[in-house]
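Asker: Dropping the structure in here first, questions after.
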Amino acid sequence: MARTILVVEDEPTLRETLAEALETDGFAVRTAADGPAAVASFREQEPDLVLLDLMLPGMSGIDVTRVLRSASAVPIVMLTARDSEVDKVVGLELGADDYVTKPFSLRELSARIRAIFRRTDQLGSTQLPPLVDLGPVRVDLAGHRLLRDGHEVPIKPKVFELLSFLLRHPGQVMTRDQLLEHVWGYDYPGETRTVDVHVHWLRSAIEPDPGVPTIVQTVRGVGYVLRRPA
Ligand code: CA
């Protein structure tokens with residue numbers, strides 16, 4: 001089965017060139033011309049890698065990275081302009097795997113992509129399965145749904161993103177600032193109270209007894225930690 005690469009690039013010529021080159025290399029390619037289309041395509045079916053232009057109109061590549069990272073460990077390779085040093089750093093901090101600077105050679109890009117796949121193959125799959133059982137609920141990561149006894153539990157998108165992020169870091173204590181940074185993004189006018197409110201909502205949705213939380217636990221003076229029930 002060919003690996004699928006989602007190419008996100010607003011410039012039509014470059015988008016087509018990339019798609020053709022990657023197809024020639026044996027990859028299955030899907031394309032998106034802007035951020036919202038990329039996110040929609042990703043949610044419809046998660047690709048094996050995302051090749052992401054940082055300079056997109058409207059929703060930037062940084063925004064896209066943030067959204068994808070909140071729900072997935074998919075490898076992301078950013079395409080950056082030579083002068084966007086800051087974006088590069090932010091992108092990598094947000095969890096992009098690599099970047100190539102425009103103009104780049106297709107050969108170099110292909111080599112980078114292969115290197116990432118070699119690395120992820122060695123690591124084994126660090127991605128969560130699409131369905132994760134968590135105490136009384138089942139988390140449908142691909143479908144962004146929460147199920148209890150087969151019925152969908154209403155959950156706000158941001159609360160789901162918070163859950164998704166915590167699920168990817170089980171047993172790891174997260175400060176409120178870290179959660180704000182990773183789930184809400186740098187630009188969010190950070191009020192740690194926001195985190196507490198969302199944790200409250202999350203507990204109402206997933207805990208067997210929200211009054212005595214056992215899955216999303218408070219670490220006093222530090223933050224929160226998700227512990228998966230045995
Ligand atoms: Ca662009």
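The values are calculated or read from the model by the stated rules, or taken from the named source; none is laboratory data. These figures come from a predicted structure and were not determined experimentally. Please note: Cβ atoms are built from the backbone with ideal geometry, for glycine as well, and neighbour counts cover all protein chains shown. Remember, those area values only see protein heavy atoms, side chains included, never the ligands or the DNA or RNA. Shrake-Rupley method; radii C 1.70, N 1.55, O 1.52, S 1.80 Å.
Asker: Out of all the residues in region 40-54, is one or more open to solvent by 20 Å² or more (accessible area, probe 1.4 Å) and free of Cβ contacts under 8 Å to residues at least 12 places away in the same chain?
Answerer: Yes, that holds for at least one residue.
Asker: Then there's this: List every residue pair whose Cβ atoms lie under 8 Å apart, where the two residues are 6 or more positions apart in sequence or sit on different chains, the first residue falls within region 1-26 and is over 12 Å from Asp53 (Cα atoms) and in contact (Cβ under 8 Å) with a residue 12 or more places away in the chain, and the second residue, located anywhere, is away from the ligand (no atom under 12 Å from the Cβ) and of a type in the set (Lys, Arg).
Answerer: Thr4/Arg30; Ile5/Arg30
Asker: Sticking with this one: Please go through (1) away from the ligand (no atom under 16 Å from the Cβ); (2) at pLDDT 95 or above for Ala71 and return the number of the only condition it doesn't satisfy.
Answerer: Of (1) away from the ligand (no atom under 16 Å from the Cβ); (2) at pLDDT 95 or above, only one is false for Ala71: (2).
Asker: Could we say that Val132 is out of contact with any Pro (no Cβ under 6 Å at 6 or more places or on another chain), open to solvent by less than 10 Å² (accessible area, probe 1.4 Å) and over 18 Å from Leu6 (Cα atoms) here?
Answerer: Details: out of contact with any Pro (no Cβ under 6 Å at 6 or more places or on another chain): yes; open to solvent by less than 10 Å² (accessible area, probe 1.4 Å): yes; over 18 Å from Leu6 (Cα atoms): yes.
Spelling it out, Val132 is indeed out of contact with any Pro (no Cβ under 6 Å at 6 or more places or on another chain), open to solvent by less than 10 Å² (accessible area, probe 1.4 Å) and over 18 Å from Leu6 (Cα atoms).
Asker: Related question: Can you confirm whether region 112-119 contains a residue that is in a helix (DSSP H, G or I), modelled with pLDDT of 90 or more, under 19 Å from Leu54 (Cα atoms) and open to solvent by 60 Å² or more (accessible area, probe 1.4 Å)? Give the derivation first.
Answerer: Applying the first criterion (in a helix (DSSP H, G or I)) to region 112-119 yields 112-119.
Subsequent filtering for residues that are modelled with pLDDT of 90 or more retains 113.
Retained after the next criterion (residues that are under 19 Å from Leu54 (Cα atoms)): 113.
If we keep only those that are open to solvent by 60 Å² or more (accessible area, probe 1.4 Å) too, we end up with none.
There is no residue in region 112-119 that is in a helix (DSSP H, G or I), modelled with pLDDT of 90 or more, under 19 Å from Leu54 (Cα atoms) and open to solvent by 60 Å² or more (accessible area, probe 1.4 Å).
Asker: Out of all the residues in region 74-87, which are crowded, with 17+ Cβ neighbours inside 10 Å and either away from the ligand (no atom under 13 Å from the Cβ) or not assigned by TED's automatic domain parsing to the domain that holds Phe42 (or both)?
Answerer: The initial filter retains those residues of region 74-87 that are crowded, with 17+ Cβ neighbours inside 10 Å, namely 74-80, 84, 87.
Hits for region 74-87 are Val74, Pro75, Ile76, Val77.
Asker: I'd like to know if region 50-61 contains one or more residues that are at pLDDT 95 or above and more than 13 Å from the ligand (Cβ to nearest atom).
Answerer: yes
Asker: Still on this model: Quick check on Gln172: is it in a loop (DSSP other than H, G, I, E, B) and not assigned by TED's automatic domain parsing to the domain that holds Ser60? Please lay out each step first, then the result.
Answerer: On the way: in a loop (DSSP other than H, G, I, E, B): yes; not assigned by TED's automatic domain parsing to the domain that holds Ser60: yes.
Yes.
Asker: Now for a different question. Which of the numbered conditions does Phe165 fail, given that it passes all the others? Conditions: (1) modelled with pLDDT under 90; (2) buried (at least 19 other Cβ atoms within 10 Å of the Cβ); (3) among the aromatic types (Phe, Trp, Tyr).
Answerer: Answer for Phe165: the failing condition is (2).
Asker: Considering each residue of region 1-49, count those that are of a type in the set (S, T, N, Q) and over 23 Å from Ala71 (Cα atoms), and give that number. Steps first, please.
Answerer: Narrowing region 1-49 to residues of a type in the set (S, T, N, Q): 4, 13, 17, 24, 31, 41, 45.
From what is left, the residues that are over 23 Å from Ala71 (Cα atoms) are 13, 17, 24.
Residues flagged as of a type in the set (S, T, N, Q) and over 23 Å from Ala71 (Cα atoms) within region 1-49 amount to 3.
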